[in-house]
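I have placed the structure first, in the form of C-alpha cells, so that the comments after it can refer back to it.
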Amino acid sequence: MTIRVLVAEDQSSVRAGLVLILGSAPDIEVAGEAADGEEAVRLARELRPDLVLMDVQMPRLDGVEATRRVVAERLADVLVLTTFDLDEYVFGALRAGAAGFLLKNTEARDLIEAVRTVARGEGMIAPAVTRRLIAEFAAPASRAPAVLPAALDALTRREREVLSCIGEGLSNAEIAGRLAMAEATVKTHVSRLLGKLELRSRVQAAVLAQELGV
C-alpha cells in the first residue's frame with residue numbers, strides 16, 4: 001500500500017530535502033508540495049493525501065491553524081515538523097489534533113518510519129518532545145481538550161485497557177499482543193474511545209491517559 005504524502009514547508013530547500021527523502025521510500029509517494037498554510041489546506045482538499053507533513057511556522061496561515069482545518073474536515077492525518085524550542089506551536093498543534101510531532105533535525109530513516117507509523121493510525125511523538133508535552137498537558141488549564149475523569153465511565157472495560165496501553169506508548173500490534181485480540185479489533189476500540197472522549201487524535205489520548213493515571 002502506497003502512502004500519499006503532502007509536504008507543507010515554506011523553505012524551498014528544506015521542502016526539497018523532505019521530498020527527496022520521502023521519495024526514496026518504495027511505499028511513499030509525495031502527492032504534492034505546499035509553501036504556506038493556505039496552500040496546504042487547499043491541496044489537502046484537492047489531493048486527499050493520507051498524511052500531511054506540516055511545518056508549524058509558515059506564511060499566510062501557520063501550521064497550527066492549517067492542522068486544525070485539515071483535521072476538522074478529516075482530510076488527512078497530520079504529522080507536524082517542529083523545533084525543540086517552539087513549545088507553543090507544538091501544544092497548539094496537539095490541541096488542533098495533530099497525529100504526531102517530529103523534530104526538523106530527525107534522521108532520514110526516522111522521518112520515513114514516522115510517516116509509516118502515523119499512516120498506520122498510530123500516534124508518534126519525537127522522544128525529546130514527549131516529556132515536555134505530558135508535563136504541559138498535565139496542568140488542568142492546558143488540557144486539550146479538557147476531559148473529566150467521569151467521562152471515562154462511558155468507556156467499556158476493554159476500551160479503558162486500550163486507552164491505558166496507548167498511554168504507555170504501545171503500538172496497535174503491541175496492544176493486540178498484550179490484550180490477546182486482533183489488531184483490527186484494537187483499531188476499532190481506539191476509534192470508539194476517541195469518539196466517546198471527543199478526542200481528535202491518538203496523541204491526545206496518550207496525554208489524557210497519562211494525565212488521569214488510567
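Looking at Val41, is it touching a residue at least 12 places away in the same chain (Cβ under 8 Å), in contact with a Phe, Trp or Tyr (Cβ under 8 Å, 6 or more places away or on another chain), open to solvent by less than 20 Å² (accessible area, probe 1.4 Å) and farther than 13 Å from Leu111 by Cβ?
no
Filter region 106-152 for residues that are outside any loop (DSSP other than H, G, I, E, B), at pLDDT below 80 and loosely packed, with under 14 Cβ neighbours inside 10 Å and give the result.
Matches in region 106-152: Pro127, Ala128, Arg131, Ala135, Pro140, Ala141, Pro149, Ala150.
Kindly provide the set of residues from region 86-105 that are in a loop (DSSP other than H, G, I, E, B) and either touching a helix residue (DSSP H, G or I) at 6+ places or on another chain (Cβ under 7 Å) or open to solvent by 60 Å² or more (accessible area, probe 1.4 Å) (or both), ordered by number.
Gly97, Ala98, Ala99, Lys104, Asn105
Need the failing condition index for Leu61 against (1) open to solvent by 60 Å² or more (accessible area, probe 1.4 Å); (2) in contact with a Gly (Cβ under 6 Å, 6 or more places away or on another chain), just the number.
(1)
Filter region 193-214 for residues that are of a type in the set (S, T, N, Q) and either open to solvent by 50 Å² or more (accessible area, probe 1.4 Å) or modelled with pLDDT of 90 or more (or both) and give the result.
Gln210
When you scan region 172-192, how many residues do you find that are over 18 Å from the mean Cα position of the chain (by Cα) and either of a type in the set (Gly, Ala, Ser) or open to solvent by 30 Å² or more (accessible area, probe 1.4 Å) (or both)?
Qualifying residue count for the region: 10.
Residues that are exposed (fewer than 14 other Cβ atoms within 10 Å of the Cβ), at pLDDT below 95, within 14 Å of the chain's Cα centre (by Cα) and outside any helix (DSSP H, G or I): does region 67-85 have at least one?
Yes - at least one qualifying residue is present in region 67-85.
The values are calculated or read from the model by the stated rules, or taken from the named source; none is laboratory data. Everything quoted here is computed from the prediction, not taken from an experiment. Please note: Cβ atoms are built from the backbone with ideal geometry, for glycine as well, and neighbour counts cover all protein chains shown. Note: accessible area is taken over every heavy atom of the protein model, side chains too, but ligands, DNA and RNA are not part of it. Shrake-Rupley method; radii C 1.70, N 1.55, O 1.52, S 1.80 Å.
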